[in-house]
Amino acid sequence: TNGSSLASTPASSPAGTASPLLNPQHQQQLQQLAYGGSYKAMTLEDFRALPDKIILVRHAESQGNVDARIYSTTPDYEVPLSARGWEQAVACGEDIRLLMQAEHGPSYKLFFMTSPYCRTRQTFVGLRQAFPDRNFAGVQEEVQLREQDFGNFQNPDKIKADLAERNRFGRFYYRFPGGESGSDVYNRVSIFEDHLIRDMKAGRFSQSTSLCLVTHGLTMRVFLMRWFNWTVESFLQVYNPPNAKAIVVDKMGEAEFIAKTSKLRERRQTLQVKNAYRLRKDSMARLKMETADATKSMDQGLFEGV
């Protein structure tokens, strides 16, 4: 489970009522554990050290997007961008630059993390051209951001049959022969996010820094699923964005942070790092999400009325 079941625990359930077998102090500890409140409370200084934005970019158009037969002769990780893909990457970089400058001024920093696949590396190269050195905070390759593994060389007829079987079995749980299922990708992305949160808490991306993750369609959606604690059913209602289009996750403003942490403090609960971020509405549209409901995180329900 991704933990989302705890979010729906009603106040009248055992997790939300006093137990005659526990003293008040122990009961409070169980409440904090159930709702993620057992961690050290985030201070305003901690909040300010978090990255301003997390921007996810699906790689630009690849030669595999143009002609899938290339996968039968070229390893997936070596498939390059098309000529149009290079143009898309450069244009996307310019869009992100304008966004960052408009919302964070000229002194912002952008740190990139990229899948090691050829098409994502090349997308990063295209994106990078838009940013002066003063705004470029660095780049790091992350193997866990790679594409879902569909097996080795991909015979078009075999893949077509596999896709039909996946639709019958279940898109999230179906494991491609010799490859991965969506749930396998979820497991490795969870490890990546755990490490990312640790670095964020340590202040690695402070001082007006934002993150840009250059990755793949399904991996990007799984990242959001894990970040916002979507159910599998919610995940299956979200679709890949177009190539080289930014999906933007914003950190909440300081006033909202102060209000929410104050309200939670009254309940002896704490705001966690992931709950300080929201998916933008224009990004929801690119993911073909109908409402913001799918972005509800595990303890977002605690904020009602704040």
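Below are the figures for this structure:
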| quantity | calculated |
| --- | --- |
| Region 71-227, dipole about Cα centre (Lys/Arg Cβ +1, Asp/Glu Cβ -1), debye to the nearest 20 | 220 |
| Cα radius of gyration and Dmax for region 106-228 (Å) | 16.9, 51 |
| Environment charge of D52, counting only residues whose C-beta is closer than 10 Å and scoring Lys/Arg +1, Asp/Glu -1 | +2 |
| Distance from region 167-230 to region 113-166 (C-alpha centre basis), Å | 13 |
| Other-chain or far-sequence residues with amide H under 5 Å of L213's (modelled H) | I55, L56, V57, M113 |
| Kirkwood-based Rg to Rh ratio, region 235-287, C-alpha trace | 1.13 |
| With DNA, RNA and ligands ignored, accessible area of E256 (1.4 Å probe; Å², nearest 10) | 70 |
| Spin-label pair R171/R188, simplified geometry with 7 Å Cα→Cβ offset, distance in nm | 2.1 |
| Where C118, C212 fall by accessible area, highest first, once all protein chains stay in place (1.4 Å) | C118, C212 |
| For region 134-193: rounded, prolate or oblate by the Cα gyration tensor [a/c cutoff 1.5] | prolate |
| Extension gain, R268 back to T73 (0.36 nm per residue minus Cα-Cα distance, nm) | 64.4 nm |
| For Y173, solvent-accessible area (1.4 Å; no DNA, RNA or ligand), Å² | 130 |
| Distance in nm between pseudo-label sites at A41 and M252 (7 Å out along the Cβ direction from Cα) | 1.5 |
| Cross-link pairs K40/K109; K160/K281; K109/K260; K263/K288; K201/K288; K251/K281 - those with Cα-Cα distance over 22 Å | K40/K109; K160/K281; K109/K260; K263/K288; K201/K288 |
| Selection from N155, S190, S206 lying farthest towards where the dipole of region 131-259 points positive, charges on Cβ | N155 |
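The values are calculated or read from the model by the stated rules, or taken from the named source; none is laboratory data. Keep in mind that what you see is a predicted model, and the values were worked out from it rather than measured. No Cβ is skipped: glycine too gets one built from the backbone with ideal geometry, and neighbour counts run over all protein chains shown. In case anyone asks, the SASA skips ligands and DNA or RNA and just uses the protein heavy atoms, side chains included. Shrake-Rupley method; radii C 1.70, N 1.55, O 1.52, S 1.80 Å.
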